[in-house]
Amino acid sequence: MSDEMKCITLAARPDGAPKDSDFKLETRDVPTPGDGEVLVRVHYMSLDPYMRGRMDDAKSYAAPVPIGGIMEAGGAGEVIASNHPQFSPGDMVFGMFGWTTHGVQPGSMLRKLPDGLPITTSLGVLGMPGFTGWYGLTEIGKPKEGETLVVAAATGPVGSMVGQIAKARGLRTVAIAGGADKCKIATDTFGFDAAIDHRAHDDARSLRKALAEAAPDGVDIYFENVGGKVFQAVLPLMNRFGRIPVCGMISGYNTGALGGTPGEGPDYFPVFWRTLLVKHLLAQGFIISNHWDRFAEFLGEVAPLVASGDIAYLEDIAEGIENAPRTFMGLLEGRNLGKQIVKLI
């Protein structure tokens, strides 16, 4: 085994959209595991929109990545050395190693991956994104047969999970995606009843008209992971007692400061607040890391469906850690098709 590893560190905090100079590719010594720790050679790492927030020095539910620190990410790989009784060399595991080819983590923070499914599924459909979709829809959305669901970023790992679970429970499912190709994937691969290309609409009013045609009975559940124009289009179409699980607002991530400063720019809050009141809506934000006690339940329900092909998934795999920054920039612009992963070995 080489005694050197490669990693991507945060070189500067972005001003708007990240750029090449905000990242630095470094070569470091492979770390040595201490008591209770495990050394892993990372085969695949995940790229997710939340990472953009970690690049800002702003108060949030998690600390920002420090300048010079390794960018945060989940990864799947092979145990190289172990000082923990539950792990042996050769085991395949998932852990939060970062944008790096090698990582050390306490054994208590690792999850051994089962045989029979590609290890990449631990980063997407059977990882944090899939779990986010499952939990947000079932626990907050509380879907009921005959209702209508709308979800944006519908071909991503969160949105596609939401749509497929809702469809299996007898809901009408409407996808919002960026581009004709993604809309076709939403209907043909993930089984949505209808798909709308938000890029074909210049403003919320136009998008709302298309949504109203796709959801003639109104919207009972809007799974919020985008914000912006999409949110403004959906809100007036919400039915009384509708539910809005909120797991992200990717449209505003590149503005920095967690999506902007209150009081700056168009203020849609009064409209939202009044609609929440008069339509008796439930809007609830959630951070999936607060709900890991439900992860085993999620795997028990969804893993067999993935293995049988009843839950479809799509992965977009780039190669090489040196390409992670550019791939991440593309993710924030919606260039990926499915769960964005970087292959490191």
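Structural remarks
- In order along the range 279-284, the phi-based Karplus estimate (6.51 cos²θ - 1.76 cosθ + 1.60, θ = phi - 60°) of 3J(HN,Hα) comes to 9, 6, 7, 10, 10, 9 Hz; Gly and Pro are listed as x.
- Near Leu123, once Lys and Arg are set to +1 and Asp and Glu to -1 for all other residues with Cβ below 10 Å from its Cβ, the sum equals -1.
- Between Glu147 and Arg172, the built amide H atoms are under 5 Å apart, and every one of these is 5 or more places off in sequence or on another chain.
- Close amide H contacts of Leu113 (hydrogens built in the peptide plane, cut-off under 5 Å, sequence separation of 5 or more or a different chain): Met92, Val93, Phe94.
- 0 to 90° range, to nearest 10: angle between helix 157-168 axis and the chain longest Cα axis: 50
- Couplings for the range 226-238, taken from phi via the Karplus curve 6.51 cos²θ - 1.76 cosθ + 1.60 with θ = phi - 60°, read 10, x, x, 4, 5, 4, 5, 6, 7, 3, x, 8, 5 Hz in order; Gly and Pro are left as x.
- Sequence-distant residues sharing a close amide H with His43 (under 5 Å, placed H): Ala76, Gly77, Glu78
- For the range 76-86, 3J(HN,Hα) computed residue by residue from phi via the Karplus equation (6.51, -1.76, 1.60; θ = phi - 60°) reads 10, x, 9, 5, 9, 8, 9, 10, 10, x, 8 Hz, glycine and proline entered as x.
- Where (i) 142; (ii) 121; (iii) 131 are the candidate values, the label of the one calculated here for volume of the Cα convex hull per residue in Å³ is (iii).
- Principal-axis tilt of helix 269-278 within the chain, Cα atoms, nearest 10 degrees: 60
- Placing a pseudo-label 7 Å from each Cα along the Cα-to-Cβ vector at Phe269 and Asn323 gives an inter-label distance of 4.3 nm.
- Taking the protein heavy atoms of the chain in the context of the full set of protein chains, the accessible area attributed to carbon and sulfur is 52 percent at 1.4 Å.
- Computed FRET value (nearest 0.05) for Gln86 with Ala168, which takes r as the C-beta separation and R₀ as 35 Å: 0.50
- Applying the Kirkwood pairwise sum to the alpha-carbon positions of the range 1-147 produces a hydrodynamic radius of 16.8 angstrom.
- For the chain: accessible area per residue (Å², 1.4 Å): 45
The values are calculated or read from the model by the stated rules, or taken from the named source; none is laboratory data. Everything quoted here is computed from the prediction, not taken from an experiment. Note that each Cβ is placed from the backbone with ideal geometry, even for glycine, and that neighbours are counted across all protein chains shown. Heavy atoms of the whole protein, side chains included, go into the accessibility calculation; ligands, DNA and RNA do not. Shrake-Rupley method; radii C 1.70, N 1.55, O 1.52, S 1.80 Å.
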